[in-house]
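The values are calculated or read from the model by the stated rules, or taken from the named source; none is laboratory data. Just so you know, these numbers come straight off a predicted model, no measurement behind them. Here the Cβ is made from the backbone with ideal geometry for all residues, glycine too, and neighbour counts use every protein chain on show. Side chains are part of the model used for accessible areas, which takes the heavy atoms of the whole protein and leaves out ligands, DNA and RNA. Shrake-Rupley method; radii C 1.70, N 1.55, O 1.52, S 1.80 Å.
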2 protein chains.
Amino acid sequence: MLKAERHKFIMTKLVEEQKVVTTDLALVLDLSEDTIRRDLNELDNKKLLEKVYGGAVLVTEKATDIFNINISDEDEKKKIVTKALSLLHDDQVIIMSGGSTNLVFAKLIPADLKATIYTYSLPIAMQLSQHPNIDLIFIGGKMQKNAMVTIGMDVIQVVSKIKADICFIGASSINIKQGLTEIGYEISIVKKAMIEASDRVVSMFSSDKLDTKMPHVVCDLKQLDTIVTNLNPEDPSLEEYRKSGVFIL
Amino acid sequence: MLKAERHKFIMTKLVEEQKVVTTDLALVLDLSEDTIRRDLNELDNKKLLEKVYGGAVLVTEKATDIFNINISDEDEKKKIVTKALSLLHDDQVIIMSGGSTNLVFAKLIPADLKATIYTYSLPIAMQLSQHPNIDLIFIGGKMQKNAMVTIGMDVIQVVSKIKADICFIGASSINIKQGLTEIGYEISIVKKAMIEASDRVVSMFSSDKLDTKMPHVVCDLKQLDTIVTNLNPEDPSLEEYRKSGVFIL
DNA sequence: ACAAAAAATGCATTTGTATGCAAAAATTAA
DNA sequence: TTAATTTTTGCATACAAATGCATTTTTTGT
């Protein structure tokens, strides 16, 4: 019996019975359970079924709700951004870039904070639009759809006219030599403009971004005033960063 | 019985009976209460139910989920906007205002439509950012937070520079004498600019908006090319609108 | 505050899974 | 066709997951 036949058999049985059990299939098809498992894993990779402990079940199409943004390690990110809440004060003018860490930050901004926030991230704007005391300005332009942010000259032009007290920049990668780097050119120049427009520059990211690099430079470490990570500021892996003079929260 | 099956069983029972009891489930499924508890905790972590002392209950839709926009009468609105899909063609430049009817419309835009869409509505932009073939431009400005749209001079300036083939305008109120009217002044002037910028003006709304008025005039009926409602175009309550020369879908 | 019920925790047992390896089968190249 | 190569398969082993039980902790109703 060819593998393709077997896969077909498995899929048929799966549709008929809503589930398949590894041991049953091994028995019926007279093959080792290992082979069945390999088959099921293959079919799982092709998204034709869902492998579970002991067998497999039909793929349940999860409602791809656009508005339900999935933040990975949200709890971890909460811990990071909570440290940065002390940087917020009434009447500040703030610029926020995109990124899930900044989104978590936006969620945690206290309801009584009165401030003006500029952003070019759709999810962050959605979040902040729920905030009673924030003057929110969305920076328009062409949408970079996967990241849900606007990019391009329109964005730069607006950002370069802002005079902000503080900006919160998400980080793709950071290291001692190159500083902050980004995978996309367009995002990198927007971030440059943000930094230029702000008195104080804060970047929040988890420690796995440390000592990594991307093609496009945003700024070097000296231009960052504060970085916020999940690590203790005294952590040895931040040693070099501390030396560069950036304040670590 | 596979764990996945059990979870499905529990979820089904939960929906049917609004609650599940740990001891009952243990009895029915012939498993220890420990296993049931572990299951319920797992499902709780996935936010599929809420674990409570003694069992579990349905997740209470928390209103604080910003991203979960509630559209009233969504099915009814789907019927309306489906009629308007025939107005879409490849390579069009489109402007869309905000409003839940337009949001439903955005959801239904075919995946293969290649077009450029301008909007100043956050939810609509979120929706369209999922669309593979649409060039999306968000019109920035100060956010009107309850409506999740940008307003003000920044918006007007951008809109007035667009040359669009068609625009889709949500309607707060419409009547024969004043035409389209809005509750807010700012929204009304943005919509005026939209109309000015577009070759063709389409407005979609349910019949309960007919023959009502709001303080701020957007345009009179003559400036609308097409209106789309839930009613049959021949419906007597559209009689006067038909006479005004507007095309009714 | 107290007793009863439920839940969490650690542990042992069972069961299912991943992985490297060797033999068998299928495929490819000459 | 034959030999070389790749793929598939089954097995042994180490590993991880699931389950039930005993014990401790927490919660609840009175």
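Structure notes:
- Meets criteria (outside the structural domain of residue B:164 (by TED's automatic domain parsing), within 16 Å of DNA strand C (Cβ to nearest atom) and at positive phi) for residue B:34: no
- Selection within segment A:1-27 - surrounded by fewer than 16 Cβ atoms within 10 Å (Cβ to Cβ) and over 20 Å from residue B:4 (Cβ atoms): A:1, A:2, A:3, A:4, A:5, A:8, A:27
- For segment B:106-130, the set of residues classified as surrounded by 20 or more Cβ atoms within 10 Å (Cβ to Cβ), more than 7 Å from every other protein chain (Cβ to nearest Cβ) and either at positive phi or assigned to a helix (DSSP H, G or I) (or both) consists of B:106, B:123, B:124, B:128, listed by residue number.
- Complete set of residues in segment A:46-61 that are free of Cβ contacts under 8 Å to residues at least 24 places away in the same chain, within 13 Å of DNA strand D (Cβ to nearest atom) and not β-branched (Val, Ile, Thr): A:50, A:51, A:53
- Some residue of segment A:98-105 being more than 11 Å from chain B (Cβ to nearest Cβ) and either open to solvent by 30 Å² or more (accessible area, probe 1.4 Å) or more than 19 Å from residue A:166 (Cα to Cα) (or both): yes
- Residue ranges of strands (runs of 3 or more DSSP E) in segment B:138-249 with at least 1 members over 20 Å from residue B:118 (Cα atoms): B:173-175, B:179-182, B:216-219, B:226-228
- Qualifying residue in segment B:133-141 (condition: within 14 Å of chain A (Cβ to nearest Cβ), closer than 20 Å to residue A:152 by Cβ and open to solvent by 50 Å² or more (accessible area, probe 1.4 Å)): yes
- For residue B:12, the test of being assigned to a helix (DSSP H, G or I), within 14 Å of chain A (Cβ to nearest Cβ) and more than 16 Å from DNA strand C (Cβ to nearest atom) is passed.
- Extreme residue, most open to solvent (accessible area, probe 1.4 Å), among residues of segment B:42-54 that are outside any strand (DSSP E or B) and more than 25 Å from residue A:21 (Cβ to Cβ): B:53
- Every test in (1) open to solvent by less than 20 Å² (accessible area, probe 1.4 Å); (2) closer than 17 Å to residue B:100 by Cα is passed by residue B:183 save one, and that test is (1).
- Where residue B:194 falls short, out of the listed (1) closer than 30 Å to residue B:137 by Cβ; (2) surrounded by fewer than 20 Cβ atoms within 10 Å (Cβ to Cβ): (2)
- Residue within segment A:42-61 that is at pLDDT below 70 and not polar (S, T, N, Q) present: yes
- No other residue among B:148, B:153 is more than 9 Å from every other protein chain (Cβ to nearest Cβ) and open to solvent by 10 Å² or more (accessible area, probe 1.4 Å) apart from B:153.
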